[in-house]
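Input: a single structure, listed below in structure tokens.
The values are calculated or read from the model by the stated rules, or taken from the named source; none is laboratory data. Computed from a predicted structure; not experimentally measured. FYI the Cβ positions are ideal-geometry reconstructions off the backbone, even for glycines, and counts take in every protein chain you see. Note: accessible area is taken over every heavy atom of the protein model, side chains too, but ligands, DNA and RNA are not part of it. Shrake-Rupley method; radii C 1.70, N 1.55, O 1.52, S 1.80 Å.
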Amino acid sequence: MTLEISGLSKTYSNGVQALKNVTLSIPGGMYGLLGPNGAGKSTLMRILATLQEPDEGRIQLGEIDVLHQKDKVRETLGYLPQEFGVYPKARAGELLDHFAVLKGITTRSARKTVVETLLRQTNLWDVRRQKLGGFSGGMKQRFGVAVALLGNPKLMIVDEPTAGLDPAERVRFLNLLSELGEQSVVILSTHIVADVSELCTRMAIIHQGRILQEAEPLKAVEALRGRIWRRVVEKSALAGLERDHSIISTKLLGGRTVVHVYSEDAPAGFEPVPPDLEDVYFSAMAGHLPPKTGGPEKEARL
Amino acid sequence: MKFWEIFRFEFGYQVRRPWIWLIVAVLIVLDFLMTRDGSVSEVLYSEFYLNSPFGVAKTTVFGSLVWLVTAAAVAGDAAARDVATGLYPLLYTAPIRKRDYLGGRFVAAFVLNALLLLAVQAGILLGVYLPGVDPELIGPFRPAAFLGAYAIISLPNAFTGTAVQFWLASRSGRPMAAYFGSFLLVFMGFFVASFVLFRRGLGTLLDPIGIRFVVEDMAHLWTPIEKNRRVMQLEGILLTNRVLWLGIALVVVGLTYLSFRFAHRTGGSWWSRFRVRSQKASSPIPPAGSGATAPPALSARPVSRASGFSLHARQTLAIARKSFRAIATSWAGLAMLALIPLLTVVMILDQTESNGVPLVPTTARVVALLTGSMADEQSRWVVIPFLLVFFAGELVWRERDAGLGEITDAMPGTEWPPFLGKLAGLGLVLALFLALQAISGMMAQTIRGYHDYEIGLYLKTLFGLQFTDFFLFGVLGLAVHVIVDHKYLGHLVAVLAFVFIALASLFGVEHNLLIYGAGPGWSYTEIRGFGSSIEPWLWFRLYWAAWAVLLAVGAVLFRTRGPEKNPGLRLRIARRRLTGPTLRTAGVAVTLILALGGFIFYNTNLLNEYLTPADLKERAAGYERRYGRYADQPQPALTAARLNIEIYPERQAVIIRGSYRLVNRSRTAIDSIHLTTAPGVETGTLQFDRAATCVLADEKLHHRIYALRNPLRPGDSLRLGFRVHAGPHGFRENGADGPVQANGTNFTNALLPGIGYESSRELLTPADRRTYELTSRPLIASLYDLEARKRRGEGTTLEVVIGTEKDQVAVAPGALRRTWRQASAGSGERRHFHYATHHPIGGVWEFFSAGYAVHDMVWTPATRADSATTGAGQKRVAIRIFHHPKHTAHLERMARSIRACFDYYSREFGPYGYNFLSVVERPGNGTGMHAEAGMITHGEGFTAWNPEQGPGSHDHPFAIVAHEMGHQWPVPAATVEGAPVMSESLAWYLGMKLVEYAKGPDALRLLRDYLRQPYPYPAIRRGEPLLRALDPYLSYRRGPFALYALSQYIGDERVNRALRQLREKHQPKNAPLATTLDLYAELKTETPDSLRYLLHDWFETNTFWELETAGAGARQTPAGTWEVTLEVQARKMEYDSAGVETTVPMNEWVEVGVFADGKTGDPAGPLYLRKHRIRSGRQTIRVKVPRRPDQAGIDPHHLLIDLKPDNNRKALIIRP
């Protein structure tokens, strides 16, 4: 099953254009949507999760027209929003059970199994009788995952899931996701490059409502080989460097600044560095797109 | 299945919340108290069992109201919890249908609310059946009473309430918006439905809660027997009301369904989105920088930052501004700042008119409409405290609702700026609201063509007085929300605080020192100004302001900062915060509370006697128990009194020296004299002109007994001298005005000693008498009680010298003999007046002093032959009209009416009894008049009647004067059943005749149209017939209508002659007092046998007619005349004392009329008007008229009482 997004645009009533003619083709498996804050990730995710209407465009999930058959989508959708709350006075097990009914798992015994499995998977079994009001951020997030996983969704939308998790929680969570990716379309939006590089077989970089690049992470990294250069400088020297070089990222390391630049040739004073996905991301953001066989922009022009 | 699951989960979730059980407790306790409380039943002036259908209905309505304002969170939470908690993205993406989701939530909320309202019935049942109730008050248990009230009042209210609350909450995504829904419903019931404009019927219809139906329609229109027996049925206007509101609720439910979408909440209303767009449209969005560019370095230089007081002041101002804006731009703010002021204009226009007759909208009248006491739970302004509670909650929770709580909590500064800032914001909203109200008042005045705005008075009353009361409550609301620190509970507690303030006596708390924000009210009239009402008002408000400061300290101490809610910890933090300025503020507040409270207590309880209503009843009971045995002991009659009254307006004091001449008219010697003294004044030693010793002086119950050494033999007289001093001692708990005021003094002889036991001091209502274990007594003696017809006393001649300060005029009953000025030691120049009556006057003497202007005139009997015969013994009459110098518009009309009355009444009913008539304006905004012998008094409001000029408009003040003048030709009547008929019915009959005599038949028709309107006396089918009538509808409406109808059947000469003879028979000193039976006998002698049935129908039974013209046609005959054919339907029915209707056969004379011009009336009279024999059922009447007719009908002038008068006449269909 693939998810086909074509020509999606959305402008908010305050004038912010959140999505500009987005076209993507998302196959089964884990798909990363990488972009900075405010890039339009959440808008896209909410549209996919049937909570928002685009101004233009079409979305097709297999046989389902996502924009017009919302009920159908919801039957097979798992959604973990970037932000959500819980009823503070409800117990975890009880609320998950409630959701299970709402998702259509109506036989009592099936529901009991599903709820128990999910609570164990998300490591919430021991606290299932506790009130959600007392949950930590990570526990809440895991509860959200449990809700999203109810009923083995064919389409899983996960919006910035690891933002508030500690490293251990994050690993546990990513494992859960990758298991699910074996049988469904899982879209993971994030601004954390590592999430994508660790999990996703395909990815897209989105910025200011546009898809800048759609690629497989490994291939994209490969394409950058030999074009990323590194130099460690004092902070004060940064402004000078910026004039002469195309800096894609700066990073602090032990009080000094590590500068990555993009260049086809070796710039003076820089050492070569093997690129990683982060460099792909920042290069794309800085406008250095690798030569591609068929980017979304081209398709749009056709 | 999913519907069921959503319902189940919602129900289960809410039913486990503690606050829902608190609401249950509150409903049970309040309704328990309400059931036990007697005051409401007294207000509604009828006795009923605690568990009578009416008693249950009234408490059910009250419970509904409490539920509405406390339990809105049930529907709000069900509708908006998902959005408020942020769970909705998980839920909205689940495969559920809108109707399952909304339906499950709505039904859960409705079922919860319906169950909550069962607590009301539980409260009533406990109130009735828990021990502590007099078993006599409990009637037979009737499940139908409880089930009916629950099904007819509670359930529809639950549905309507839930629908509106659910709609608003789901629309806004905020549970608290549900309270705004409650507010809208309360607003409908208390504000909109109270317009007279809508009359009773429409008001009852528009009230979503049912309070108008129960408190007005049922309370006033149902007979006591009906109240106890009749189970409320879903019929008539109640059915229409319930259907209407259920319909509205269904529409609202539909709207909720249609406007709901499983969609992302972008936040903000269409309005805020619109505003954002218009702001941003001009500025392009800056492109987001790429991660690589270096940001400008943070400046290391310190920015100058305020701290201490300046920081706090600026924070307070900033928060005040934000808070004000937040409220003013919310929907509820819009309701308060736009909807209410707009409707206020309508309300003022509505209230400055009485049945189509306009009143001058003086500023005094308008501000009285714009203000209301917090303690008046039925005032239309109760909507404001509810809004204040709502706003307070919104402000307290604003940051936390926005998710900013922890950020703002971590800001520098103490807890004071947030509290004070929000309070200031609330105050600003209130101030703006009151300013808009003032503008509304002035707009209404302008619309009525009145331009004397008196802005100063608006400022004083609205901003000085009303603002203070609202603001003090605002402090309470805010502090409660802060301290309770739970949205729904805070709301519940704040609303309960308001219920406590408004209904403190329900909780057994009476003293104003114990009721937050309470105190004596203020009054303003054009004559008195604020009088002495401001000073006690101010002391109490200062005292409460000190409490408000303490509340603020409490709020500051207990305000949570951060998520910690543990009470013990909050207490420790509070203790830590209680330092420095906060501690000093608390100290000052406590000191002020003690000092002001002590001062007030000294005034109210030590300088003055403080008596609760229960104390007063206890005294009345004690008086009866101890001295009731002397009720039948012969006492001398007071035949003459001389009074020397010195009024000192500046000091608000009066000294009265007087002497009574007492004559033994009994057949036995009298050996002891019983005297009652007046409470609240100092009555000095009494001196007799013969040897007498005081054997008992009960200063608590105000009774004295003097033993005469030599008994007073029959026919002998004695002289009794006394001295009474009245003056203020500080102020009283209720701030009650003393008798003497700086301008506008008004008191009666109630200040003077009275002779004998006064049965009027006894407790009256059966409930009170039972409580104090007194034997039951009838409200009034039976019509057939011969003893009551005996004369007691023969009236008193009065001679008064009354002195006042030099700029005022003092008035007493009697003709003015002379007036003089004299300088007296210590009090400057004073002015004295000497009044005397030649003939005895009645038992009530009124005295006045104010800066009056006097309009003098003299009525001289006409020397025409007819009056010379009838007016034998009639002397000229000196008429003096005492009025406020500014109130002159009414004088000319009043003078005309008075002259016409003297002309007509003395010709028709015999000579006037005195050689003087005083018309005195007393302070007060009432529009009515009152008559005593030789004196007519009226409130300032009377001078505001402003009837439109010209034909077709009713001159109401003229008619009122005619009515009051009618009282000056009284029939001496016994105080028995039917007594109001003998005074009020006769006076209105005279008034009608006078209007016809002075202004013609059209004016009379307008007066009768006015009297037929259902306000203020709706037609009742009360049990007792006119002969034994006590009810105002019967005496002010049915009685005069009966006499008028009779005059149309047998002629006015005969009715007038009957009245004249009645007067002549009962006027002599030794004649017995008249009753309705005597009136009935006189009328009977004047009525031919063939019409006696009319007397029976009008007086002996409660008969109504239903007359209808079903069809009416006309055809021209070949001769050129017109033949009119009427299809009429007639029915006659009697109502017994239980209100049960019996149809009785009808075969009697009824007028049939044909008119040439139905709209404007016929100047030449009707084409045809004759009485036809009409029987029950349908019948055809054919008459011939000379000219082309336009309208025809049966009983066209409404002589018979027909509750549907509109269908008597019909436009004719002209057939070829």
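Things to note:
- Hey, B:D77 surrounded by fewer than 23 Cβ atoms within 10 Å (Cβ to Cβ) and either of a type in the set (D, E, K, R) or at pLDDT below 95 (or both) or not: no
- One residue stands out among those in region A:42-96 that are at positive phi and more than 10 Å from chain B (Cβ to nearest Cβ): the one that is modelled with the lowest pLDDT, which is A:G62.
- Residues of region A:112-135 that turn out to be farther than 18 Å from B:Y88 by Cβ, modelled with pLDDT under 90 and within 12 Å of chain B (Cβ to nearest Cβ), as a count: 1
- Residue within region B:603-623 that is more than 20 Å from B:R761 (Cα to Cα) and assigned to a strand (DSSP E or B) present: no
- Subset of region B:685-703 that is within 18 Å of B:R661 (Cα to Cα) and surrounded by 15 or more Cβ atoms within 10 Å (Cβ to Cβ) - its residue that is farthest from the chain's Cα centre (by Cα): B:A692
- Of the residues B:A614, B:A589, the single one that is within 40 Å of the chain's Cα centre (by Cα), open to solvent by less than 60 Å² (accessible area, probe 1.4 Å) and not assigned by TED's automatic domain parsing to the domain that holds B:W416 is B:A614.
- Single condition B:T765 does not satisfy, out of (1) outside the structural domain of B:P813 (by TED's automatic domain parsing); (2) loosely packed, with under 15 Cβ neighbours inside 10 Å: (2)
- Flag for B:V493 being more than 23 Å from the chain's Cα centre (by Cα), in a helix (DSSP H, G or I) and without any contact (Cβ under 8 Å) to a residue 60 or more places away in the chain: yes
- Filtered residues of region B:947-990 (kept if among the charged types (D, E, K, R), in contact (Cβ under 8 Å) with a residue 40 or more places away in the chain and surrounded by 21 or more Cβ atoms within 10 Å (Cβ to Cβ)): B:D955, B:E977, B:E984
- In the set (1) open to solvent by less than 10 Å² (accessible area, probe 1.4 Å); (2) within 14 Å of chain A (Cβ to nearest Cβ), the condition left unmet by B:D100 is number (1).
- Which listed residue, of B:G161, B:G247, is of a type outside the set (A, V, I, L, M, F, W, C), assigned to a helix (DSSP H, G or I), closer than 26 Å to B:A332 by Cβ and without any contact (Cβ under 8 Å) to a residue 60 or more places away in the chain: B:G247
- Filtering region B:321-353 to residues that are surrounded by fewer than 17 Cβ atoms within 10 Å (Cβ to Cβ) and either of a type in the set (S, T, Y) or closer than 18 Å to B:Q445 by Cβ (or both) leaves B:T329, B:L342, B:V346, B:D350, B:E353.
- With respect to the conditions (1) outside any helix (DSSP H, G or I); (2) under 24 Å from B:L496 (Cα atoms), B:A94 lacks only one, and its number is (2).
- Residue in region B:955-986 that is nearest to B:V357 (Cα to Cα), counting only those that are among the acidic types (D, E) and in a loop (DSSP other than H, G, I, E, B): B:D955
- Annotation: B:T943 fulfils all but one of (1) part of a loop (DSSP other than H, G, I, E, B); (2) modelled with pLDDT of 90 or more; (3) of a type in the set (S, T, N, Q); (4) over 21 Å from B:E1064 (Cβ atoms); the unmet one is (1).
- Hits in region B:1078-1107 (condition: polar (S, T, N, Q) and open to solvent by 50 Å² or more (accessible area, probe 1.4 Å)): B:T1085, B:S1090
- Of the candidates A:V273, A:V196, A:V232, A:V258, the single residue that is surrounded by 18 or more Cβ atoms within 10 Å (Cβ to Cβ) and at pLDDT 85 or above is A:V196.
- The set of residues from region B:2-22 being closer than 18 Å to A:K131 by Cα and either open to solvent by less than 40 Å² (accessible area, probe 1.4 Å) or in contact with a Cys (Cβ under 9 Å, 6 or more places away or on another chain) (or both) comprises B:F9, B:E10, B:G12, B:Y13, B:Q14, B:R17, B:W19.
- Residue match in region A:25-35 (condition: open to solvent by 10 Å² or more (accessible area, probe 1.4 Å), of a type in the set (V, I, T), farther than 26 Å from A:M139 by Cα and more than 11 Å from chain B (Cβ to nearest Cβ)): no
- A:R243 of a type outside the set (S, T, N, Q) and either touching a helix residue (DSSP H, G or I) at 6+ places or on another chain (Cβ under 8 Å) or facing chain B (nearest Cβ under 9 Å) (or both): no
- Every residue from region B:35-53 that is closer than 17 Å to B:D768 by Cα and either assigned to a loop (DSSP other than H, G, I, E, B) or at pLDDT 75 or above (or both): B:T35, B:R36, B:D37, B:G38, B:L44, B:Y45, B:S46, B:E47, B:F48, B:Y49, B:L50
- Residue in region B:195-207 that is part of a helix (DSSP H, G or I) and closer than 30 Å to B:I138 by Cα present: yes
- Scoring B:L1046 on the criteria (1) assigned to a loop (DSSP other than H, G, I, E, B); (2) more than 14 Å from B:G978 (Cβ to Cβ); (3) of a type in the set (A, V, I, L, M) leaves a single failure, condition (1).
- Some residue of region A:80-90 being assigned by TED's automatic domain parsing to the domain that holds A:V145, in a helix (DSSP H, G or I), under 15 Å from A:V147 (Cβ atoms) and more than 21 Å from the chain's Cα centre (by Cα): no
- Any chance B:R142 is touching a residue at least 40 places away in the same chain (Cβ under 8 Å), within 14 Å of chain A (Cβ to nearest Cβ), surrounded by fewer than 20 Cβ atoms within 10 Å (Cβ to Cβ) and not polar (S, T, N, Q): no
- Residue list for region A:106-162, filter: in a helix (DSSP H, G or I), among the charged types (D, E, K, R) and closer than 24 Å to A:R46 by Cβ: A:K140, A:R142
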